[in-house]
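See below for the structure under consideration.
The values are calculated or read from the model by the stated rules, or taken from the named source; none is laboratory data. All values derive from a computational prediction rather than experimental measurement. Here Cβ is always computed from backbone atoms with ideal geometry, including for glycine, and neighbour counts include all displayed protein chains. What goes into the accessible areas is simple: the full protein's heavy atoms, side chains included, and nothing from ligands, DNA or RNA. Shrake-Rupley method; radii C 1.70, N 1.55, O 1.52, S 1.80 Å.
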Amino acid sequence: TKLDGQGEFQIVAEGGLRFLVNFTDYLDTGLFLDHRLTRARLRAAAAGTRFLNLFGYTGTATVYAAAGGASATTTVDLSRSYLDWARRNLELNGFRDSQRHRLLQDDVLAWLEAATERYDLIFLDPPTVSRSKRMTRQLEIQRDHVGLIRSTLRRLAPGGLIFFSNNFRKFKLDSAALADLDIRDVTAA
């Protein structure tokens with residue numbers, strides 16, 4: 001939710017990369033500190049991969065994947081403002097090739113159903129709840145995570161890896177419904 005309209009951005013450094021943050025206009029500054037280790041893991045796994053960032057927000061995970069040597073990145077988010085912020089973060093770090101680093105404004109749920117491309121590394125970090133009128137349907141992560149993960153799996157290349165994250169404190173993965181998958185809980189790490 002936008003709190004103010006000052007439009008003042010600061011540049012901060014993390015992991016040898018630079019990011020734009022906004023301390024006045026939004027509740028979130030543009031760089032989730034609790035994802036620092038996750039971003040580092042994505043960078044370590046990204047070499048030579050086709051990377052997909054779903055619910056991409058300001059593209060920080062995409063910047064890390066690009067810095068890790070991803071051959072191509074795709075970032076999908078419903079918000080034009082966040083995608084512009086993601087573009088600026090990519091450019092700030094020297095990633096200016098819009099053919100190699102695609103930013104798509106779309107409803108992630110609808111995009112997953114229509115997309116045909118495959119990706120080697122996917123970061124799936126949905127909101128706890130989304131009731132945007134621009135989405136084809138509402139999203140509640142506890143209720144919908146199995147279907148969302150299954151839809152994302154259809155975009156995963158053989159041998160690929162999905163990093164699934166969410167910030168719902170009471171979240172419980174439905175392990176039984178996903179028993180056919182190789183799931184590793186790295187929350188504690």
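Computed quantities for the displayed model
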| quantity | calculated |
| --- | --- |
| Those residues of region 91-101 which are part of a helix (DSSP H, G or I) and open to solvent by 50 Å² or more (accessible area, probe 1.4 Å), in sequence order | Glu91 |
| Residue list for region 111-145, filter: loosely packed, with under 14 Cβ neighbours inside 10 Å, in a helix (DSSP H, G or I) and either of a type in the set (S, T, N, Q) or modelled with pLDDT of 95 or more (or both) | Ala114 |
| Test result for Arg88, over 30 Å from Glu8 (Cβ atoms) and in a helix (DSSP H, G or I) | no |
| Filtered residues of region 38-62 (kept if of a type in the set (Lys, Arg) and touching a residue at least 60 places away in the same chain (Cβ under 8 Å)) | Arg41, Arg50 |
| Subset tally (residues that are part of a loop (DSSP other than H, G, I, E, B) and buried (at least 17 other Cβ atoms within 10 Å of the Cβ)) for region 26-42 | 4 |
| Whichever residue in region 149-173 is among the charged types (D, E, K, R) and over 18 Å from Leu109 (Cβ atoms) and, among such residues, is most open to solvent (accessible area, probe 1.4 Å) | Arg169 |
